[in-house]
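The values are calculated or read from the model by the stated rules, or taken from the named source; none is laboratory data. Just so it is clear, the structure is predicted and the values come from calculations on it, not from any experiment. Note that each Cβ is placed from the backbone with ideal geometry, even for glycine, and that neighbours are counted across all protein chains shown.
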Amino acid sequence: MRILITGSSGQLGTDLQTTLTHHELTVLPHSQLDIGERASVDEAFSAYRPDVVINTAAYHKVDECEAFPEKTFSVNTVAPRNLAEACDSKSAKLVHFSTNFVFDGNADQPYTEEDSPAPLSVYGVSKLSGEHLVRATSPKHLIVRTTGLYGKAGSGSAGKGLNFVELMIKLGRERGKVTVVDDQIMTPTATADLAQKVATLVEDDVIGTYHITNSGACSYAEFTRSIFEKVGIKADVTPTTTAEYNSPARRPLYSVLDNSRLHELGGPPLRLWEEALQDYLESRCYL
Ligand SMILES: NC(=O)c1ccc[n+]([C@@H]2O[C@H](COP(=O)([O-])OP(=O)(O)OC[C@H]3O[C@@H](n4cnc5c(N)ncnc54)[C@H](OP(=O)(O)O)[C@@H]3O)[C@@H](O)[C@H]2O)c1
């Protein structure tokens with residue numbers, strides 16, 4: 001299969017590259033393809049003639065998105081439509097990623113794909129709108145909603161920002177204490193695991209909308225305690241609430257995603273988040 005990955009130097013893009021090596025792979029980081037530029041997207045299609053486009057590009061600094069809605073909608077809504085139009089015209093498939101932030105977080109059990117989205121933030125609205133435009137434009141699409149991603153490209157080595165795991169390790173070591181919200185519940189998900197599952201779905205030609213995360217759930221404070229415990233960092237984790245934290249963007253409190261539709265396809269569920277975290281920390285030589 002000829003597969004083109006956009007936003008390829010990001011966390012998920014990087015792990016997809018190492019997972020899909022047995023395909024004819026084209027990887028285009030932001031510096032080589034801005035998916036917001038329609039002419040550049042068309043040029044890439046002419047040059048590489050992909051059977052499948054995997055769009056991992058996004059603008060997801062959730063608090064910044066509140067201040068820059070135009071940029072947010074440009075990258076997360078309009079740009080996926082560019083890709084969807086190009087895919088539709090060439091009969092290619094589009095794999096696109098979305099987020100737990102499309103939900104309002106008022107549920108008390110995991111969200112299924114049938115549950116009604118009700119995003120609380122500019123980011124959430126932009127991602128939901130991106131989903132809608134992909135569905136409306138390109139019948140051959142796979143939309144994957146996921147949560148709490150961390151992967152090796154978020155380790156700071158590429159000069160980019162740190163993912164949550166790396167940030168907590170840094171702050172825990174430097175300050176000896178961190179204050180973390182204890183009322184936002186989600187599933188931390190390793191991009192290495194997500195990439196493997198997405199590769200299988202691509203190879204099996206699955207289309208539609210799927211929730212894919214590691215198994216289990218926790219709050220960000222519990223996630224942080226687990227990171228510190230495994231790495232052996234003796235730092236205090238002070239729990240706080242989303243209301244006290246008062247960040248610019250509103251966030252869903254409970255946004256665990258039900259993976260049942262994925263399980264109906266067969267194959268094992270993604271492993272528990274604690275096991276995936278352990279592997280990540282080992283691969284980063286923290287253990
Ligand atoms: N991270 C999470 O916790 C999380 C949770 C749920 C869902 N998701 C979704 O999962 C997907 C992958 O996330 P991730 O964590 O792998 O993101 P990431 O590490 O930030 O990677 C995103 C990549 O997109 C690139 N990009 C930004 N604007 C672009 C543009 N206009 N054209 C082309 N590339 C562009 C970025 O490049 P530059 O940095 O050079 O701009 C970056 O390399 C996204 O759709 C995200 O919304 C993420």
Checklist entry - Looking only at residues in segment 23-51 that are of a type in the set (A, V, I, L, M, F, W, C) and in contact (Cβ under 8 Å) with a residue 24 or more places away in the chain, which one is nearest to the ligand (Cβ to nearest atom)? => result I35
Item to check | Residue, farthest from the ligand (Cβ to nearest atom), within segment 140-159, restricted to residues that are in contact (Cβ under 8 Å) with a residue 60 or more places away in the chain and surrounded by fewer than 18 Cβ atoms within 10 Å (Cβ to Cβ) | outcome: K140
Checklist outcome for this item: Quick count over segment 52-63, residues being part of a helix (DSSP H, G or I) and within 12 Å of the ligand (Cβ to nearest atom), is 1
Checklist entry - Got at least one residue in segment 136-158 being among the aromatic types (F, W, Y) and outside any helix (DSSP H, G or I)? => result yes
Next on the checklist: Need the failing condition index for A195 against (1) touching a residue at least 24 places away in the same chain (Cβ under 8 Å); (2) away from the ligand (no atom under 14 Å from the Cβ), just the number.
Outcome noted: (2)
Checklist entry - Within segment 91-103, can one find any residue that is more than 17 Å from the chain's Cα centre (by Cα), modelled with pLDDT of 95 or more and not in a loop (DSSP other than H, G, I, E, B)? => result yes
Checklist entry - Are any residues in segment 202-235 within 12 Å of K177 (Cβ to Cβ) and out of contact with any Gly (no Cβ under 7 Å at 6 or more places or on another chain), and if so, which ones? => result T224, K234
Item to check | Members of segment 97-119 that are within 16 Å of the ligand (Cβ to nearest atom) and β-branched (V, I, T) | outcome: T99, V102
Checklist entry - Would you call G172 within 14 Å of the ligand (Cβ to nearest atom) and either more than 18 Å from R251 (Cβ to Cβ) or of a type in the set (F, W, Y) (or both)? => result no
Item to check | Residue check for S31: in a helix (DSSP H, G or I), farther than 25 Å from M186 by Cβ and small (G, A, S) | outcome: no
Checklist entry - For segment 165-271, which fully contained strands (runs of 3 or more DSSP E) count at least 2 residues that are under 19 Å from the mean Cα position of the chain (by Cα) and buried (at least 17 other Cβ atoms within 10 Å of the Cβ)? => result 208-211
